[in-house]
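**Student:** Sharing a structure, written as structure tokens. Questions coming.
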Amino acid sequence: MTDPTADAELHARRASSFGGRAAAYAEHRPDYPRTALEWGMAGAGHPVRDVLDLAAGTGKLTAGLVATGRAVTAVEPDAEMLAELTRVLPDVPAQLGRAEDIPLPDGSVDAVFVGQALHWFDLPAAFAEIHRVLRPGGVLAALWNHPDESVAWANEFSRLLHTDVNRGVADGEEHLNAAGFELFEKTEFPHSHRRTTDSLLATVSTHSALLVAEPADRARLLARARAYLDTVPETASGEFDYPLRTIVARLRRS
């Protein structure tokens, strides 16, 4: 039987674990495919002009949204992550703020995008705030990059890094129906991230499960993962494409 208090504490530790590794996060985390962003925006009931990147982190998703030609505002709760975003994207309006208390006026955006973060939110409060800042017919689009586990070596690599610390954290792909929104739709897109063994291990080292792990456990897991990658023909030497699937869930505001 799991301890709800311990699960909640672990969830909070993981949610707040990224700021100290903001530069590494910015350097190593993957972006999102343009097709996924456009599919998310296509869920709106009108053309999308103004976009909020909520829990924007270091701007991985923000940069992709800017490239679509929309007017993008970034909101992020961690000051260190936000500082990295503003260093990389100095022309993007950005401010500190939480999903449960968004520092924007009512009805100010056509779309709210959330990259790799919806599962950290207090969903009822966050959905209420997202509903508030969206114009009628606007869309919420949540995205997650996951290893493409249909690729055998990527599946085994992911399995090697799974630890008990993952328990108690939602995948973020369920319980997405909310008052004031139509039923959610979900699809996924193929994606990849050009990596080496060193840079792939640096990427997974920015995942919350490893950030909060005990140093000895983290070192053991990464050593095991490196030893495995050394045996895989696709990854044993030089650069390779790390196969991903980008999952997108979208909900239209009523």
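The values are calculated or read from the model by the stated rules, or taken from the named source; none is laboratory data. Being a predicted model, the structure only gives us computed values, none of them experimental. Areas reflect the complete protein model, heavy atoms only, side chains present, ligands, DNA and RNA absent. Shrake-Rupley method; radii C 1.70, N 1.55, O 1.52, S 1.80 Å.
**Student:** Amide H to amide H under 5 Å from Leu244: which residues, 5+ apart in sequence or cross-chain, H placed 1.01 Å off N in plane?
**Tutor:** Here the answer is Asp148, His191, Ser192, His193, since their amide H atoms fall under 5 Å of that of Leu244.
**Student:** Over all alpha-carbon pairs in the stretch 196-254, figure out the percentage whose distance exceeds 19 Å.
**Tutor:** 45
**Student:** If you take the alpha carbon radius of gyration of the stretch 30-181 and divide it by 2.2 N^0.38 Å, what ratio comes out, to two decimals?
**Tutor:** Here the answer is 1.07, to two decimals.
**Student:** While we're on this one: Name the long-range amide H neighbours of Ala74: under 5 Å, sequence gap of 5 or more, or other chain; modelled H, no Pro or chain starts.
**Tutor:** Asp53, Ala94, Gln95
**Student:** Once neighbouring chains are kept in place and the probe is 1.4 Å, which whole percent of the accessible area of the stretch 43-98 is contributed by carbon and sulfur?
**Tutor:** C and S atoms contribute 53 percent here.
**Student:** How large is ³J(HN,Hα), in whole Hz, for each residue of the stretch 76-84 in order, when computed from phi with the Karplus curve 6.51 cos²θ - 1.76 cosθ + 1.60 and θ = phi - 60°, using x for Gly and Pro?
**Tutor:** 8, x, 9, 5, 5, 5, 5, 4, 5
**Student:** Rounded, prolate or oblate for the stretch 123-165? Axes are the square roots of the Cα gyration tensor eigenvalues, ordered a ≥ b ≥ c, and the cut-off for rounded is a/c under 1.5.
**Tutor:** oblate
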